[in-house]
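I have placed the structure first, in the form of structure tokens, so that the comments after it can refer back to it.
The values are calculated or read from the model by the stated rules, or taken from the named source; none is laboratory data. What you see is a predicted model, and the numbers here were worked out from it, not measured in a lab. Neighbour counts run over all protein chains shown; Cβ positions are idealised from the backbone, glycine included.
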Ligand SMILES: C[S@@+](CC[C@H](N)C(=O)[O-])C[C@H]1O[C@@H](n2cnc3c(N)ncnc32)[C@H](O)[C@@H]1O
């Protein structure tokens, strides 16, 4: 993996090369079951209805975009050209529209009832890039629209978890499962794309403040521990008043 490439470009390479869906999405094979629990939880968080239009920015292998498209009237996704090519060939004629490019340079011309940005913001390189991205996403919401910034890694939350007794037992169990996976099938040997920006409590609170500055009601939620990185990540939901 070439760490001189941007995280976005490293993801692009994965859609050509990766052997598994978790690897394409920057997760580990031992998280494959937990990854399958994401879509219904996210649909509930976004309050999706059959009348809604949905935009997913950074849809990756489509673990969320594909199932969520069945909950909505219209679905649009934006990601790397290789992610678009892969999903178009695995789901021809599926009815969702895919845009190739890097948001917000690439952006749709319409507004949405629901916008999903899941496990994406830490691929950016600085806090100002994150705030710029979040403001641009918020600007695409219709009145009453919901924006979910999901799966935000928080190094402070991770430190709190790993120093707890639950976190210490979790770490031991994780190491055992990773070792077994590596021995069994060479699984779990890939590393997630290198680079990106590490968020902590302060950055996450400043993202929340930026959304409130945009006049959105905004809240931080804990993730379910059943999700892939549920102990160490959290979600922000922002709602544009009617
Ligand atoms: C960790 S994957 C998450 C994929 C999917 N949302 C999921 O949770 O399964 C992050 C994805 O975000 C995409 N991405 C990163 N920065 C982006 C940007 N500025 N615009 C569009 N996509 C971006 C990457 O190409 C990658 O496909």
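Against the list (1) in a helix (DSSP H, G or I); (2) modelled with pLDDT under 95; (3) closer than 28 Å to residue 39 by Cβ, the condition residue 175 fails is (3).
Evaluate the following for residue 158: is it modelled with pLDDT of 95 or more, in a helix (DSSP H, G or I), within 22 Å of the chain's Cα centre (by Cα) and away from the ligand (no atom under 13 Å from the Cβ)? When the stated conditions are applied, residue 158 passes them. In summary, residue 125 fulfils each of the numbered conditions (1) modelled with pLDDT of 95 or more; (2) over 21 Å from residue 32 (Cα atoms) with the single exception of condition (1). Residues of the range 211-230 that are surrounded by 19 or more Cβ atoms within 10 Å (Cβ to Cβ) and touching a helix residue (DSSP H, G or I) at 6+ places or on another chain (Cβ under 7 Å): 211, 216, 218, 227, 228.
Part of a helix (DSSP H, G or I) and crowded, with 17+ Cβ neighbours inside 10 Å: is that true of residue 148 in this structure?
Details: part of a helix (DSSP H, G or I): no; crowded, with 17+ Cβ neighbours inside 10 Å: yes.
When the stated conditions are applied, residue 148 does not pass them.
Across the range 76-101, the qualifying residues are those that are in a loop (DSSP other than H, G, I, E, B) and surrounded by fewer than 20 Cβ atoms within 10 Å (Cβ to Cβ), and the one among them that is farthest from the ligand (Cβ to nearest atom) is 93. For the range 16-33, the count of residues that are at pLDDT 90 or above and under 21 Å from residue 102 (Cβ atoms) is zero.
Among the residues of the range 57-64, are any at positive phi and without any contact (Cβ under 8 Å) to a residue 12 or more places away in the chain?
Residues of the range 57-64 at positive phi: 58, 60, 62.
Retained after the next criterion (residues that are without any contact (Cβ under 8 Å) to a residue 12 or more places away in the chain): none.
The answer is no; no qualifying residue exists.
Scan the range 114-130 for residues that are surrounded by fewer than 22 Cβ atoms within 10 Å (Cβ to Cβ) and more than 13 Å from the ligand (Cβ to nearest atom) and the total you get is 2. Remark: pairs (first residue in the range 223-242, without any contact (Cβ under 8 Å) to a residue 40 or more places away in the chain; second residue assigned to a loop (DSSP other than H, G, I, E, B); Cβ separation under 6 Å; 6+ apart in sequence or on different chains) = 225/231. Tell me whether the range 28-51 contains one or more residues that are under 15 Å from the mean Cα position of the chain (by Cα), within 13 Å of the ligand (Cβ to nearest atom) and farther than 20 Å from residue 226 by Cβ. No, the range 28-51 has no match at all.
Screening 55, 68 for residues that are assigned to a strand (DSSP E or B), more than 10 Å from the ligand (Cβ to nearest atom) and buried (at least 24 other Cβ atoms within 10 Å of the Cβ) leaves exactly one candidate, 55. The set of residues in the range 17-32 that are surrounded by fewer than 16 Cβ atoms within 10 Å (Cβ to Cβ) and within 11 Å of residue 61 (Cα to Cα) contains only 20.
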